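Reviewing the structure listed below.
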Amino acid sequence: MLTKRIIPCLDVKDGRTVKGTKFVDLRDAGDPVELAARYSDEGADELVFLDISASQEARKTFLSLVERIARAIQIPFTVGGGISTVDDVMHALDAGADKVSLNTAIVLRPDFLLEASTAVGSQSIVAAIDAKRSSNGWGVWIKGGLEETSLDAIAWARETVRLGAGELLVTSMDTDGTKEGYDLELLRTISECTRVPLIASGGAGTKEHVRDAITLGKADAVLAASIFHYQQISLSEIKEYLQKNNIPVRI
């Protein structure tokens, strides 16, 4: 079994790290550069930075902040938010990102995903999917969870891989920020019908939740925010727990 990754996530709005519940009721969680440096020092496997209001506000990601974070860390770094052209992808990578996360822009124009993966390689492209339960499965939402689309999340996950996504970041809007556990059915369904690494997002509250996302949800990596930002559980605690449960991690 490949080593499983633990990934803190920095949701950033107006230059500050924030965290909400089900994409609303945002509260301050600290300075993103300071948090990034702390997570890098504490043994995070990767870091995700999402400029969560960029698509809503129809603007580009704050590259100066990306550059500051990149200088403060020694781990792989994924950047998302407001990236809608191949030039945007190049600028993010030039600013220090190792990968870019694409969501709203590829829903509005799927060809962009193919263009981006062709330009920089699938290994640098993460397709982010914000999914919410509906009467017949899960729907896809965009613009930071403000706008519903007609897409089915499972079908869309398969399509993003076909178009060149090298990794999937799947967030359950129903469990996000609740600390009640990941949507294991959603994760497992997507994992079983795609062939790229899957990052689980939305709902971490305990070490057991992280374990279940990997063992039951079949995720390759687990993303979390609240439990790390507010120091409820440390990265080392989670990794030691996973190791004791025979899940390979980098200590």
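The numbers here are math on the coordinates, done by the rules we state, and not lab data. All values reported here derive from a predicted model rather than from experimental measurement. Neighbour counts are summed over all protein chains in view; Cβ atoms, including those assigned to glycine, are modelled from backbone coordinates with ideal geometry.
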Calculated FRET efficiency for the pair Thr149/Gln74, C-beta based, R₀ 30 Å, to 0.05: 0.20
Helix-only [θ]222 nm of the chain, DSSP H runs n ≥ 4, -39500 (n - 2.57) each, per residue, nearest 500: -10000 deg cm²/dmol
Positive-end residue of Phe49, Val107, Leu35, charge dipole of region 29-131 with Cβ unit charges: Val107
Flagged links, alpha-carbon separation over 18 Å, of Lys13/Lys143; Lys4/Lys218; Lys13/Lys207: Lys13/Lys207
Sequence of Tyr241, Tyr182, Tyr230 once ranked by neighbouring C-beta atoms within 10 Å, starting from the fewest: Tyr230, Tyr241, Tyr182
